[in-house]
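Here's the structure, in structure tokens; my notes come after.
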Amino acid sequence: MSDQDFDFESLLGEEFGPFHGWEKVNAAMIRHWCEAMGDKNPIYTDPEAAQAAGYDTKGVVAPPTMMQAWNMPGYTDSGPPSSDARNPFAVIMTLREAGYPSTLAVNSEQDYERVVEEGDTIYHRAHLEHISEEKTTALGTGFFITQLCTYYNQRDEVVGHMRWRILQFRAHGTDDSAATGGGEAAAELPRGMRRMRPVRNRDNAYFWEGVDAGELRLQRCGGCGVLRHPPGPMCPHCRSLDWEVSLASGRGELYSYVVMHYPEIPPFDYPHLIALVSLEEGPRLVANLVGIKRRDVQIGMAVQTVFEEVEEGLILPQFRPLEVL
Ligand code: ZN
């Protein structure tokens, strides 16, 4: 199917909204956000600090990056009754029915024009800004769709914008009959479909050369001695540019994990377990968790790094539970 079969032009002009939030801008949500993000700027939690910083406000100031949070409809997938009930991303359903079942969030860009403060009411309007021609990517064939959301306050002043870009696609090796879900996508791995290779550069070459040699290498700061990972040129503690390689044992414990369910895209194996492991030396490392059933995974379980050639010419560090080594 080609893009000529879709009437994208009529979709591009249509504006959706307003979309209202459930709550006014409030101190409780701001506090929770700042805790989750680790943002300790006092203007977000202390009205006096906000005033001392020059903000003309009686309450606290909201982090600009919360802009989208004020209009989230919630898990019921419908916002307040005053919101536009239409789905501004209905084009996704159109493309799914046309044989492009998978959705990949590509990127999100925000800009901010006005301060948002406690007591404000935020709403937004949205329209599709751009739909690409049909493109073939490493994942599959589909369309890049850009939605532009404009956020306003209760005085209808523009607070900021968000561009939200997705790829709606059909994975390689599938056809229109696979439109009901992503499960079929990974089943037939087309020849030549390979994992993306890690980018090697002068900052991280030591790490990947270690992996090739079956070693898990960390950086030890030459200034303050702190071990760190992921690779970087500068110590985040003392800003020293001096460092040396330190070998890790590979042992650690599972700090957290996610299970990647959807969309199933080649060439990965499913269920796709992605672990965040606290190494016994201190730093944390993200890698796949293998050799265990999903239901047996437990936070805190002891794991050991193994080096596996997941494809010809690509060795990756992975974690296995210690008991089943
Ligand atoms: Zn340091």
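The values are calculated or read from the model by the stated rules, or taken from the named source; none is laboratory data. Worth saying up front: this structure is predicted, and the values here are computed from it rather than measured. Every residue, glycine as well, gets a Cβ built from its backbone with ideal geometry; the counts of neighbours run over all protein chains shown. Ligands, DNA and RNA are excluded from the accessible area calculation, which covers all protein heavy atoms including side chains. Shrake-Rupley method; radii C 1.70, N 1.55, O 1.52, S 1.80 Å.
Tell me whether the range 50-60 contains one or more residues that are open to solvent by 30 Å² or more (accessible area, probe 1.4 Å), in contact with a strand residue (DSSP E or B) (Cβ under 8 Å, 6 or more places away or on another chain), in contact (Cβ under 8 Å) with a residue 60 or more places away in the chain and not assigned by TED's automatic domain parsing to the domain that holds Glu113. Yes, the range 50-60 has at least one match. Scanning the range 269-300 for residues that are under 13 Å from Gly250 (Cβ atoms) and outside any strand (DSSP E or B) yields Glu280, Glu281, Pro283. Residue pairs whose Cβ atoms lie under 8 Å apart, sitting 6 or more positions apart in sequence or on different chains, and linking a residue in the range 230-241 that is within 6 Å of the ligand (Cβ to nearest atom) to a partner that is open to solvent by 70 Å² or more (accessible area, probe 1.4 Å), are Cys235/Leu241; Cys235/Trp243; Ser240/Met234. Taking the criterion of being within 12 Å of Glu281 (Cβ to Cβ), within 16 Å of the ligand (Cβ to nearest atom) and open to solvent by 40 Å² or more (accessible area, probe 1.4 Å), the only residue of the range 209-225 that qualifies is Arg220. Looking at the range 243-258, is at least one residue farther than 25 Å from Met301 by Cβ, touching a His at 6+ places or on another chain (Cβ under 8 Å) and in the same structural domain as Gln304 (by TED's automatic domain parsing)? Scanning the range 243-258 turns up no residue that is farther than 25 Å from Met301 by Cβ, touching a His at 6+ places or on another chain (Cβ under 8 Å) and in the same structural domain as Gln304 (by TED's automatic domain parsing). Quick check on the range 21-33. Is at least one of its residues assigned by TED's automatic domain parsing to the domain that holds Asn153 and under 30 Å from Glu134 (Cβ atoms)? No: zero hits. Candidates Pro263, Pro236, Pro317: the one that is in contact with a helix residue (DSSP H, G or I) (Cβ under 6 Å, 6 or more places away or on another chain) and either outside any loop (DSSP other than H, G, I, E, B) or outside the structural domain of Arg170 (by TED's automatic domain parsing) (or both) is Pro317. Within the range 130-139, is there a residue that is touching a strand residue (DSSP E or B) at 6+ places or on another chain (Cβ under 7 Å), assigned by TED's automatic domain parsing to the domain that holds Met72, open to solvent by 70 Å² or more (accessible area, probe 1.4 Å) and more than 23 Å from His20 (Cα to Cα)? Yes: one or more hits.
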